[in-house]
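Reviewing the structure listed below.
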Ligand SMILES: Cc1ncc(COP(=O)(O)O)c(C=O)c1O
């Protein structure tokens, strides 16, 4: 069978699809596996209990009855309009206006089938071929102001890849009074001097905050500076808030969340513990919401309403925020502490530096001058039943062939239970110690 160019682009093996298959296959094997590789959220008892209660209440609410006004019947037995489930959108408008001073209306919110779906739309809306005022064709890219960045952005463009990325400043910092940590910061000199920015070849700026894979949280100053640059060049600032506030609020540094007409904020229900309901939320200017709704109509008719039905009461009564503040955030904060303690115990005397854990569900480890690349380390760890993700996948838009740092880091998930964390980190410790000792 012959596929179109579009078909070929979306069916070609990508680094990440191979890696994800590899991780999936390893999990299917009959050998025990320490899974520190995936992006699944943890199972947290209080979270599961609340979702189950809400789900049961939805089922008991005259489920699929004659009464068209019952919540379950009206949402599950009907398409919503392409913008998404109106009751959930209204609940979100009330929720955001209660907690932030944003003055949103329902014209500021659209739903998508997960936020990955939102990035597919947004990166193709703002990146790719444009026609300028002189009717000339211009290729615009999405500016990633700080890489490493989320692996899932890499292949979403319908044609080619349109990213311009900036490498970070690396600052050695302390964490909880301890040495052995670093933090990435945006290199604004490099960013402001990018020819693509000055010559009008940037269509939008995008960052995840907290960042997958590193757990970095861009500071308020960095965000204000990015917002100012975005306005100056008349492009939107897209903030991927999949791990951010107010839900799931897996963010430990003291920062604020802002929105204005030039900002596109993307939220998700996945990391509160509902990745299977595939619900993404976009908060943006009405023009962007209308564009996303039009794309929803073509691609999906209307976005799924299941997640919306579960989340509506939790947004109306603020339970989603309470759950995030009181259960989800403290859970991951404790997991990060446990993992750091275990890593220091295993590798305290070796050149391991850890990105300061500021949020998200990962730790980012930098093995300075490791004698092999972390892609090779990944293979060795896999043979020993421990799965992580090597760093090379997290640099969309960067030629990393001469950038040593991009081959010296790994992402490890901290969502696993304590036993798995302990065993997985013990294997990492043993293998990495041997590598450094062998090179002496
Ligand atoms: C930073 C980031 N953005 C977006 C997504 C996509 O999430 P979803 O499509 O489940 O909402 C993920 C998933 O891991 C992520 O880590």
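Tell me, please, whether a residue that is assigned to a loop (DSSP other than H, G, I, E, B) and out of contact with any helix residue (DSSP H, G or I) (no Cβ under 8 Å at 6 or more places or on another chain) can be found in segment 345-354. Yes. Filtering segment 359-387 to residues that are modelled with pLDDT of 95 or more, part of a loop (DSSP other than H, G, I, E, B) and touching a strand residue (DSSP E or B) at 6+ places or on another chain (Cβ under 7 Å) leaves 361, 368. Among the residues of segment 282-298, not a single one is within 11 Å of the ligand (Cβ to nearest atom), in contact with a helix residue (DSSP H, G or I) (Cβ under 9 Å, 6 or more places away or on another chain) and under 25 Å from residue 326 (Cβ atoms).
For segment 265-281, the criterion of being in contact with a strand residue (DSSP E or B) (Cβ under 8 Å, 6 or more places away or on another chain), more than 12 Å from the ligand (Cβ to nearest atom) and not in a strand (DSSP E or B) is met by none of the residues.
Whether a residue is in contact with a strand residue (DSSP E or B) (Cβ under 7 Å, 6 or more places away or on another chain), at pLDDT 95 or above and part of a helix (DSSP H, G or I) was assessed, and residue 288 passes this test. Report, by residue number, each residue of segment 159-193 that is more than 16 Å from the ligand (Cβ to nearest atom) and within 20 Å of the chain's Cα centre (by Cα). Hits for segment 159-193 are 161, 162, 164, 166, 167, 168, 183, 185, 186. Here residue 257 qualifies as outside any helix (DSSP H, G or I) and either modelled with pLDDT of 95 or more or within 16 Å of the ligand (Cβ to nearest atom) (or both). For the structure I just gave you, tell me whether residue 223 is at pLDDT 95 or above, in a loop (DSSP other than H, G, I, E, B) and either surrounded by 24 or more Cβ atoms within 10 Å (Cβ to Cβ) or touching a strand residue (DSSP E or B) at 6+ places or on another chain (Cβ under 9 Å) (or both). Against the criterion (at pLDDT 95 or above, in a loop (DSSP other than H, G, I, E, B) and either surrounded by 24 or more Cβ atoms within 10 Å (Cβ to Cβ) or touching a strand residue (DSSP E or B) at 6+ places or on another chain (Cβ under 9 Å) (or both)), residue 223 does not qualify. Put simply, of 310, 320 the only residue that is within 16 Å of the ligand (Cβ to nearest atom) and modelled with pLDDT of 95 or more is 320. Restricting segment 116-153 to residues that are assigned to a loop (DSSP other than H, G, I, E, B), away from the ligand (no atom under 12 Å from the Cβ) and in contact with a helix residue (DSSP H, G or I) (Cβ under 9 Å, 6 or more places away or on another chain) leaves a set whose member that is farthest from residue 389 (Cα to Cα) is 145. Considering segment 100-115, and only residues there that are away from the ligand (no atom under 16 Å from the Cβ) and out of contact with any helix residue (DSSP H, G or I) (no Cβ under 7 Å at 6 or more places or on another chain), the residue that is nearest to residue 272 (Cα to Cα) turns out to be 100.
The values are calculated or read from the model by the stated rules, or taken from the named source; none is laboratory data. All figures in this text were calculated on a predicted structure; none of them were measured in a lab. Quick reminder, even Gly has a Cβ in these numbers, built from the backbone with ideal geometry, and neighbours come from all protein chains shown.
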